[in-house]
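Readers should treat all values here as calculations from the given coordinates under stated rules, not as data from a laboratory. For clarity, every value in this text was computed on a predicted model and none was experimentally measured. For neighbour counting, all protein chains shown are included, and Cβ atoms are generated from backbone atoms with ideal geometry for every residue, glycine included.
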Amino acid sequence: MSERTVYEYASIRVVPRVEREEFLNVGVILYCKKQRFSGIRVFVDEQKLKAFYPAIDLELIVNHLASFEKICQGAKDAGKLAELDQAERFRWLTAKRSTLIQCSAVHPGLCVSAEETLEELFSKLVLD
């Protein structure tokens, strides 16, 4: 039997009108120190977002989420934030903010495979 290890995750939300505090989950970010894993999955359902707020700037959303992905992955072209270690990048990305793109509170769990757990959470929290 494989060993279960601690992971942390947060859902990534689009908040079209911050003053209304309404949101739509568009992704999940997961960090597992023991497995040295940091991953993110994003899906923008343009139709849902437009129904939610017709004046939303979809290009802006997609660009911001692409930056989140690059920072999470530690991409060379993602600036200074991407140079931080995995834990620091995860903490920065999931920090509380009052902007168009926000994360839920960070939640812990136990997993055998961080990558499989990310896919399960993504399916449950974003695609369902």
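Residue under question is Asp85, and the condition is that it be out of contact with any helix residue (DSSP H, G or I) (no Cβ under 7 Å at 6 or more places or on another chain), closer than 24 Å to Arg4 by Cβ and either crowded, with 17+ Cβ neighbours inside 10 Å or not hydroxyl-bearing (Ser, Thr, Tyr) (or both); does it hold? It is true that Asp85 is out of contact with any helix residue (DSSP H, G or I) (no Cβ under 7 Å at 6 or more places or on another chain), closer than 24 Å to Arg4 by Cβ and either crowded, with 17+ Cβ neighbours inside 10 Å or not hydroxyl-bearing (Ser, Thr, Tyr) (or both).
Scanning region 91-112 for residues that are without any contact (Cβ under 8 Å) to a residue 60 or more places away in the chain and assigned to a loop (DSSP other than H, G, I, E, B), we see that the one that is nearest to the chain's Cα centre (by Cα) is Ala95.
The residue of region 59-77 that is surrounded by the fewest Cβ atoms within 10 Å (Cβ to Cβ), among those that are hydrophobic (A, V, I, L, M, F, W, C) and over 11 Å from Val26 (Cβ atoms), is Leu60.
Every residue in region 70-90 that is in a helix (DSSP H, G or I) and aliphatic (A, V, I, L, M), please.
Ile71, Ala78, Leu81, Ala82, Ala87
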